[in-house]
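Everything below concerns the one structure shown next.
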Amino acid sequence: MKFENSKKLYKKAVELIPGGVNSPVRAFKSVNREAPIFVKKGQGARVWDEDDNEYIDYICSWGPLILGHNHSKVLEAVNEIIANGSSYGLPTRYEVDLAELIIETVPSIEKVRLTTSGTEATMSAVRLARAYTQRNKILKFEGCYHGHSDALLVKSGSGLLTDGYQDSNGITDAVIKDTLTLPFGDIEKVKEILLNRDIACVIIEPIPANMGLIETHKEYLVELRKITEQTGTILIFDEVISGFRLALGGAQEYFGINPDLTTLGKIIGGGYPVGAFGGKKEIMDLVAPVGRVYHAGTLSGNPISAKAGFATIKYLKDNKDEIYRELEEKTKYLVENIKKLAEKYSVKICVNSLGSLFTIFFTDNEIVEDLEDSLKSNTENFAIYFNTMLEDGIIIPPSQFEAHFLSLAHTNEDLDKTLISIEKAFKKIGEKNGK
Ligand SMILES: Cc1ncc(COP(=O)(O)O)c(C=O)c1O
C-alpha cells in the first residue's frame, strides 16, 4: 500500500496546524506511524484515502455514523434543504423537529437545548447543575472524557490518555480544586464524598468509552442514582457516545435509570456538528432566555445538522428492533471470534463489549474495569495490531484507549475479512512474544 499523498499532506499540515490535525485523536503518533491517513470520501462501511486506498472503517467518525457513511436517508434529507441556505441565526422548523424526536425517544428528557458540540453540551450541563443546586464542586470519574472544557479536563480520557497524560495545562488551580475525581466503579467512595460535601453534580459516561470500553454494572448506576437523589446532587449522564447507540433511548433506556440531565452529540447530528443537553423541565427552564444560565451559539441547532440528525434518529426509531439486534449480533460475532483467535496464538487480551462498541485490551488482566486496569495495556502490541489492520485495508481507532464502532453498513463479509486481518495481527504478536 502507498501512503505518499497522505504523507505529503501531513508534511504541509504540520507547518500550518498544531500536530497537523484538528483533534489529537486523529494523529497516528501512538501507533508509531509517520503520518495519519487523509480521507477523501466514505460510503457505507468504507472510507478511501488520498492515495485511493480502501478501508473497512471501525472509527465511523468516532460514533456519529451508526448508519454508515453517506446513508441514503441522511443524504436525501440534507440535499432537500442544503440549497436553501446554510444557517440563519433565527429559528428553523428543523430544530423543533429534532427536539421533539429527542424528547420522544430519550426517557428522561423533557426539554432540550441544541449546541454545536458535545463539549459545549457537557460544559453547559455542569453550569446548569451548579446554578440549580447553588453548589460549586462537581464529581467526575477517572478516565471518563466529557469534552475539553476546563472543569472537565481533570483526570480525563480519550486523546489525553493516548498521548500519555490525563490533565491539560492552562487550567487554573481554582477550577481544578472544584472538580473532584474518583476511580470508576467504587460506589462506597462516591457515597463518602456525597454524604460529606455539597456537590452540585456527578457527571458520568454511563458506559465509559474513552479509556477503552468499560462494561458498566447496572447496580453501580442504580446506587449512583439513589445516592444522588438522597443528597440533592444532579446526576448527569453524558450520553454523547451511548445516546442512540446502546439503545434508541441510550444507556438510560438500556439500564432503566433516569438521570436528571443528559448530554448528547454525535449520532443526533448524523455526522454534522452537533450537541445537546436536556432533562427535567424544572431544571432546563433555568437556561436563558427563560432563566439566567447562559448558553448560546451562532450555529447552535444548525438546520443541516438538525435535518441530518432527525433523518438518522427517525430511521433508527422506525427500525429499532432489527437495528439494535443486528448491531449487537454482529459485535458478538466479532468479539467471540477475536477471543478464539487470541487463544489460538497465545495473545493475552481482554475484550470489553456492549451494544455495537468494543475494545481489545492487550493485557494480562482478565478484566479491565477502570482506568488503572486500562493503563496496564501493552500499547506496543496494540500498535502491531493497528498497523497490520491498516496495511490490510481496515482502519480502527489509532489508540488503545478508544472503542471500535460498528455501523449498520458493516456486512457479514466485512466482519469475516476483518477477522482474517486480526488473525494475521495476533499471529505476529504471538510470534513476537514467543521469541
Ligand atoms: C462521552 C463524550 N462526551 C463529550 C464529548 C465531546 O464531544 P465533542 O467532541 O463533540 O465536543 C465526547 C467526544 O468524543 C465524548 O466521547
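The values are calculated or read from the model by the stated rules, or taken from the named source; none is laboratory data. Values in this document were obtained by computation on a predicted structure and should not be read as measured data. Because the Cβ atoms are built from the backbone with ideal geometry, glycine has one as well, and the counts that use them run over all protein chains shown. These accessible areas exclude ligands, DNA and RNA; they are computed on the full protein's heavy atoms, side chains included. Shrake-Rupley method; radii C 1.70, N 1.55, O 1.52, S 1.80 Å.
Consider the stretch 142-157 and keep the residues that are in contact (Cβ under 8 Å) with a residue 60 or more places away in the chain and out of contact with any strand residue (DSSP E or B) (no Cβ under 6 Å at 6 or more places or on another chain). The one that is nearest to VAL287 (Cα to Cα) is GLY147. Any idea which of SER117, SER156 is within 12 Å of the ligand (Cβ to nearest atom) and at pLDDT 95 or above? None of the others qualify; the one that does is SER117. Within the stretch 102-110, can one find any residue that is touching a residue at least 24 places away in the same chain (Cβ under 8 Å), over 23 Å from ILE323 (Cβ atoms), open to solvent by 20 Å² or more (accessible area, probe 1.4 Å) and in contact with a Gly (Cβ under 9 Å, 6 or more places away or on another chain)? Yes, the conditions are met somewhere in the stretch 102-110.
For the stretch 237-258, a residue qualifies if it is away from the ligand (no atom under 11 Å from the Cβ), open to solvent by 10 Å² or more (accessible area, probe 1.4 Å) and touching a Ser or Thr at 6+ places or on another chain (Cβ under 7 Å), and the qualifying residues are LEU248, ASN258. Cβ separations smaller than 7 Å between residues 6+ apart or across chains give the following pairs from the stretch 197-211 residues that are closer than 30 Å to SER399 by Cβ to residues that are of a type in the set (Phe, Trp, Tyr) and near the ligand (Cβ under 9 Å from one of its atoms): ASN210/TYR145.
Only one of the listed residues (ILE207, ILE227) is open to solvent by less than 20 Å² (accessible area, probe 1.4 Å) and within 16 Å of the ligand (Cβ to nearest atom). That residue is ILE207. Would you call GLU372 open to solvent by 40 Å² or more (accessible area, probe 1.4 Å), out of contact with any Phe, Trp or Tyr (no Cβ under 9 Å at 6 or more places or on another chain), free of Cβ contacts under 8 Å to residues at least 24 places away in the same chain and not assigned by TED's automatic domain parsing to the domain that holds PRO206? No, not satisfied.
Condition (residue is assigned by TED's automatic domain parsing to the domain that holds LEU114, crowded, with 24+ Cβ neighbours inside 10 Å, part of a loop (DSSP other than H, G, I, E, B) and of a type outside the set (A, V, I, L, M)) applied to the stretch 308-323: is it met by at least one residue? No. Going by the structure shown, is LEU67 part of a loop (DSSP other than H, G, I, E, B) and farther than 30 Å from ALA296 by Cβ? So LEU67 fits the description; yes.
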